[in-house]
Amino acid sequence: MALPIDRIGNRRSLRVITVLGTLGAACALMPVALSGETDSGGIRILTYTVQAAVQTTPTADPNCPLKQLVGGAGLTNLLGPVHDEQSDCVHPDGTIDQGVFTLTGAALTGGLPGGNDSGDSISGQYRARIVPTVGSQLTNPPGGFWLIYGEVCTWKGTGRFADVVNDCPTDTSPGRFVPARLTVDFNSNEAIAFGTMVVRFKDAE
């Protein structure tokens, strides 16, 4: 089903994003998820909530007809308060690809109230598709309540997370993704996503 993108383009909206991933991974690593500590296998579970503003711009690139830039702030169990930066591409059929995000921690440095971004960050990649519900309005532009079925992989890190393993696709690996789910209300331009991310460290391989 094609999803017209003119409703998405040329606007700014607020999205509340909480990532929650596979139940199997979360249950198997529940003590890690609760404490944020590395287990004996060198694995952590990252959970976060982010509220962000989204700016979209149509382009002449057929591989990225609608470019989205996302900026916001939130809270994570591993990094504490974070600055969120994201970008992705939206296609007329409702798919989203080339998604990249970075969550950067905060530090009380620089002498200004609230400090600055710290040197600790975790980055990932994502792709997704838009799915209608009984509350979706199949209009042009679309309206009502929709779902986004997505998947996320851990890519890299800096600072305390510089040794994070790349679980995203490479020339020799298809990558390790975990599912994420979002709800989107096109009438209010708000979204909520649910998931977790598995963060592995090189010394544990």
The condition of being in contact (Cβ under 8 Å) with a residue 12 or more places away in the chain, surrounded by fewer than 18 Cβ atoms within 10 Å (Cβ to Cβ) and among the polar types (S, T, N, Q) holds, among T104, T57, T109, only for T57
Considering residues that are of a type in the set (D, E, K, R) and assigned to a loop (DSSP other than H, G, I, E, B), the number found within region 187-205 is 1
Somewhere in region 128-139, is a residue closer than 23 Å to P179 by Cβ, among the basic types (K, R) and out of contact with any Gly (no Cβ under 8 Å at 6 or more places or on another chain)?
no
Restricting attention to region 102-118, does a residue exist that is over 12 Å from the mean Cα position of the chain (by Cα), under 26 Å from D185 (Cβ atoms) and of a type in the set (D, E)?
no
Residues to consider are G135, G119; find the one that is farther than 19 Å from V198 by Cβ, assigned to a strand (DSSP E or B) and in contact with a helix residue (DSSP H, G or I) (Cβ under 7 Å, 6 or more places away or on another chain).
G119
I'd like the residue in region 139-186 that is outside any loop (DSSP other than H, G, I, E, B) and of a type in the set (S, T, N, Q) and, out of all such residues, is nearest to D88 (Cα to Cα).
T154
Criterion (at pLDDT below 90 and in contact with a helix residue (DSSP H, G or I) (Cβ under 6 Å, 6 or more places away or on another chain)) met by exactly one of G74, G42
G42
Of the conditions (1) touching an Asp or Glu at 6+ places or on another chain (Cβ under 7 Å); (2) surrounded by 15 or more Cβ atoms within 10 Å (Cβ to Cβ); (3) at pLDDT 50 or above, the single one that L29 does not satisfy is (3)
Total residues in region 127-176, condition more than 19 Å from T47 (Cβ to Cβ), among the β-branched types (V, I, T) and surrounded by 20 or more Cβ atoms within 10 Å (Cβ to Cβ)
1
Anything in region 50-88 that is over 22 Å from G119 (Cβ atoms), within 15 Å of the chain's Cα centre (by Cα) and among the polar types (S, T, N, Q)? List them, or say none.
Q51, Q68
Within region 177-195, considering residues that are under 21 Å from Q98 (Cβ atoms) and out of contact with any Ser or Thr (no Cβ under 8 Å at 6 or more places or on another chain), the one surrounded by the fewest Cβ atoms within 10 Å (Cβ to Cβ)
R181
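The values are calculated or read from the model by the stated rules, or taken from the named source; none is laboratory data. No experiment lies behind these values; they were computed from the predicted model shown. Cβ atoms come from the backbone with ideal geometry, glycine included; neighbour counts cover every protein chain shown.
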